[in-house]
1. Once phi is turned into θ = phi - 60°, what whole-Hz ³J(HN,Hα) does the Karplus curve with 6.51, -1.76 and 1.60 give for every residue of the stretch 165-177, x standing for Gly and Pro?
2. Rounded to the nearest whole Å², what accessible area per residue is found for the chain with the 1.4 Å probe?
3. Quick one: work out the % antiparallel among DSSP beta bridges in the chain, nearest 5.
4. As a test of the formula, what do you get for the chain when each DSSP H run with n ≥ 4 contributes -39,500 (n - 2.57) and the sum is divided by the residue count, at 222 nm and rounded to the nearest 500 deg cm²/dmol?
5. Could you give the distance between the Cα centres of the stretch 82-132 and the stretch 32-46, to the whole Å?
6. Go through 170-176, 13-19 and give me the packing order, highest mean Cβ count within 10 Å leading.
7. Using only the Cα atoms of the stretch 1-61, build the gyration tensor, take square roots of its eigenvalues as a ≥ b ≥ c, and label the shape rounded, prolate or oblate: rounded if a/c is under 1.5, else prolate if a/b is larger than b/c, else oblate.
8. At a threshold of 8 angstrom on Cα-Cα distance, excluding pairs fewer than six apart, so keeping six or more, what relative contact order does the chain reach in percent?
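The values are calculated or read from the model by the stated rules, or taken from the named source; none is laboratory data. Please read these numbers as outputs of a predicted model, since none were measured by experiment. Note: ideal-geometry Cβ built from the backbone for every residue, glycine included; neighbour counts use all protein chains shown. Protein only, heavy atoms only, side chains kept; ligands, DNA and RNA dropped before computing areas. Shrake-Rupley method; radii C 1.70, N 1.55, O 1.52, S 1.80 Å.
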Amino acid sequence: MSVLPIYLYGSEVLRKKARPVHELDDSLIKLIYDMSETMHKANGIGLAATQVGELRRVIVVDVSAIEEAQREKDGEQPGEDGQEKKTLALINPQVVEESGDWNMEEGCLSIPDVRADVNRSEDIRVRFRDVNFREAELAAGGLLGRVILHEIDHLSGILFIDHVGAAKRALLRNDLRKIKKGDVETSYPVVSAVEV
C-alpha cells in the first residue's frame, strides 16, 4: 500500500466528474487500498478518488474512530474491536433515497483547516458495487451518511464550500487563496494547484 498525495483546492481534477468503473481489476484494487491508507494517514474519515487525481467513481469511508470517541465521551464502554479500522469502499456509488435535514460543520482533506456548516440529508440509501464488484445497497444515517454524501459530491466535482452561502464564502476567500497557492501545512503529502 502507498500513501498518495491529496490534491488541494484549486486543482482542476477536483472540479471534474469521475467516470463509472466497469470492471474490477488489479489497478482498482490497488487504488482502493492506497486510498484507504492515504485517508488513515491523513486522519480523514472519507476520501474520493478525484482527491488523489483519479477520475474513477470510487470512495472510501471510515468513521469508526469518531464513533468510538463519541461512545467514550458519552461514558459508554469501548466497542469490542477498540480502534480497529473499518474502511468501507464504494464503487460507482449512487444515492437512491434521501430524507431528513441536518446541518453540521464539515471539513475536507483537499481544503485543510477550512470548516463550514453544510446542510445535508440526515438519512440516505446508496447503491454501489462492493470490493468484490457485487451490487450492494446500504442505508446510512448520521455521520456515515453525511460522509458518503460529501464524497459522492467530490465525484461530481462539487466541494463542500459550494454548499455555503456567498457571505461565508467571502469570509473564506483568503484561506482558499492560500491553499490554492500551496501555502498550507499538512501532515500528509499534497499537490497544490500551482504544482499541477
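1. Each residue's phi maps through the Karplus curve to give x, 4, 5, 5, 4, 4, 5, 8, 3, 5, 4, 5, 4 Hz.
2. Value returned for the chain: 53 Å² of accessible area per residue.
3. Percent antiparallel among DSSP bridges in the chain is about 90.
4. After summing the helix terms and dividing by residue count, I get -9000 deg cm²/dmol.
5. Here the answer is 14 Å between Cα centres.
6. Sorting 170-176, 13-19 by mean packing, highest first, produces 13-19, 170-176.
7. oblate
8. 28 percent
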